[in-house]
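So the structure is just underneath, and the comments pick up after that.
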Amino acid sequence: MKKPKISKNPWLTDKEVAALIFVAGKTRQNAFCHRSKHKIGASVLTIDGQIFGGCNVESVISGLGTCAERCAIDNAVANGHYSFRALCCVDSKLTPCCGACLQYLTLFSQVIDDEVYLVNADTNGNFEVDKLSQALPFGYRTESNLEEIQSFNGKGKKHKKRP
């Protein structure tokens with residue numbers, strides 16, 4: 001994979017964007033896509049700076065597969081991280097996250113009650129950065145159990161909301 005072209009955005013540093021694209025690109029190589037042959041990689045950046053990758057996993061039974069984005073989130077959760085700053089998706093072209101993945105990420109945005117940023121990148125080094133709230137402006141945000149959801153914020157670490 002080529003080194004990504006870095007452009008300025010007001011939310012993530014160049015280093016964060018490059019690291020997200022790198023991890024998503026590497027995990028994309030592990031995609032289990034026996035039916036479509038369409039490899040997608042993803043990565044998620046935690047509020048404490050760790051990055052976890054994921055790839056799409058297809059199933060012979062329709063609907064049982066897993067998107068790369070949800071795989072990356074689940075990888076972070078399996079490692080005890082629930083508070084995310086950004087999610088990246090790498091595909092052969094600039095492909096936004098699907099609605100199901102955006103909704104899944106919305107739940108985790110409620111853990112920190114803050115914006116999560118989306119990086120869409122292609123394998124030619126192009127990328128764009130957006131906000132979750134812009135990509136899914138009317139996503140379902142739960143009010144029931146909100147206190148319990150927010151108890152997962154940084155595993156007890158205090159999170160300072162960004163301006």
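Please treat every number below as a calculation from the coordinates, not as lab data. Values in this document were obtained by computation on a predicted structure and should not be read as measured data. Backbone-built Cβ (ideal geometry, glycine too); neighbour counts: all protein chains shown.
Label sites at GLN29 and LYS15, each approximated as a point 7 angstrom past Cα along Cα to Cβ, lie 2.4 nm apart. In plain terms, the chain from SER133 to ASN79 could stretch by 16.9 nm, reckoned as 0.36 nm per residue minus the Cα-Cα distance. Projected onto their three principal axes, the Cα atoms of the chain cover extents of 42, 40, 29 Å, largest first. For the stretch 63-78, the Karplus equation 6.51 cos²θ - 1.76 cosθ + 1.60, evaluated at θ = phi - 60°, returns couplings of x, 8, x, 10, 5, 4, 5, 5, 5, 5, 4, 5, 4, 5, 4, 4 Hz by residue, with Gly and Pro reported as x. Figure legend: label point modelled 7 angstrom from the Cα of GLU143 along Cα→Cβ; residues of the stretch 88-123 with amide N under 20 Å from it are 106-114.
Note: relative contact order over the chain, using C-alpha pairs below 8 Å and six or more positions apart, is 20 percent. Cysteines of the chain lacking any other cysteine Cβ under 4.7 Å from their own Cβ: CYS33, CYS55, CYS67, CYS71, CYS88, CYS89, CYS98.
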